[in-house]
């Protein structure tokens with residue numbers, strides 16, 4: 001039953017999200033945390049951090065790890081979790097792959113058509129909204145701490161602001177920023 005729910009859930013996520021993995025994050029979080037209860041928000045945030053650090057597209061990585069965690073939470077054991085991870089991974093890419101095969105031949109020909117251009121422009125705006133929703137949904141007390149100037153909250157906001165400025169203004173490599181943020185978290189947490 002869990003395998004079917006995973007397949008159905010991630011098939012819908014893959015079918016109805018446009019713009020890549022970051023636009024999927026809000027839908028995945030809503031499904032695995034709120035609707036299905038396969039993990040906590042804090043667990044999802046950790047899963048998302050791991051998905052960003054591992055090679056590959058973030059949407060597929062998140063689906064894979066979410067499938068694995070759902071099976072572990074259901075008590076299916078390691079091999080059941082591996083199968084669940086595969087089911088979620090295949091489901092999330094199935095519809096986009098089929099659509100790309102069907103559409104790729106005619107896309108070059110129709111891309112500059114005014115109506116198609118308008119549809120693509122609207123989809124781009126929706127993607128920005130989905131990415132913003134994903135970012136805002138992760139800004140919770142579970143992830144940042146309670147804003148009563150606790151050490152966790154101050155450190156979280158400081159790391160966020162520093163990473164934002166260093167990446168946006170000074171174009172510091174994301175790899176360097178991830179390593180530095182991890183080191184600060186390790187030092188503060190110890």
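Under a plain spin-label model, where a point goes 7 Å from the Cα along Cα-to-Cβ, how far apart in nm are residue 82 and residue 12?
Here the answer is 3.0 nm between the modelled labels.
Just check the stretch 1-121 against the gyration tensor rule for me: Cα atoms, a ≥ b ≥ c as the square roots of the eigenvalues, rounded for a/c under 1.5, and otherwise prolate or oblate depending on whether a/b exceeds b/c.
Taking the square roots of the gyration eigenvalues as a ≥ b ≥ c, the stretch 1-121 is prolate.
Ranked by Cβ crowding within 10 angstrom, fewest neighbours first, how are 22, 68, 170 ordered?
170, 22, 68
Go ahead and set up a Gaussian network model of the chain, Cα springs under 10 Å, then flag whichever of 105, 20, 67 fluctuates most.
Highest fluctuation of the listed residues: 105.
Name the most mobile residue of 74, 23, 104, meaning the one with the largest mean-square fluctuation, in a Gaussian network model of the chain with Cα contacts below 10 Å.
In this elastic network of the chain, the residue with the biggest mean-square fluctuation among 74, 23, 104 is 104.
Label the stretch 145-190 by shape, choosing from rounded, prolate and oblate, from the square roots a ≥ b ≥ c of the eigenvalues of the Cα gyration tensor; if a/c is under 1.5 it is rounded, and otherwise prolate applies when a/b is larger than b/c, oblate when it is not.
Cα axes put the stretch 145-190 in the oblate bin.
Take the chain, connect every pair of alpha-carbon atoms lying under 10 Å apart with a spring to form a Gaussian network, then pick out the residue of 177, 41, 86 with the largest mean-square fluctuation.
177
In whole Å, how far is the Cα centre of the stretch 49-81 from that of the stretch 97-142?
25
Express in whole angstrom the spacing between the alpha-carbon centres of the stretch 15-30 and the stretch 153-177.
What the calculation gives is 24 Å, centre to centre.
State the percent of C-alpha pairs, over all pairs in the stretch 50-190, separated by a distance greater than 25 angstrom.
Values: 5209 of 9870 pairs.
Cα-Cα pairs in the stretch 50-190 separated by more than 25 Å: 53 percent.
Only the coordinates and a few stated rules stand behind these numbers; no lab work does. Owing to the predicted nature of the structure, the values given are computational and were not obtained by experimental measurement. In this analysis, Cβ positions are derived from the backbone assuming ideal geometry, glycine residues included, and neighbour counts consider all displayed protein chains.
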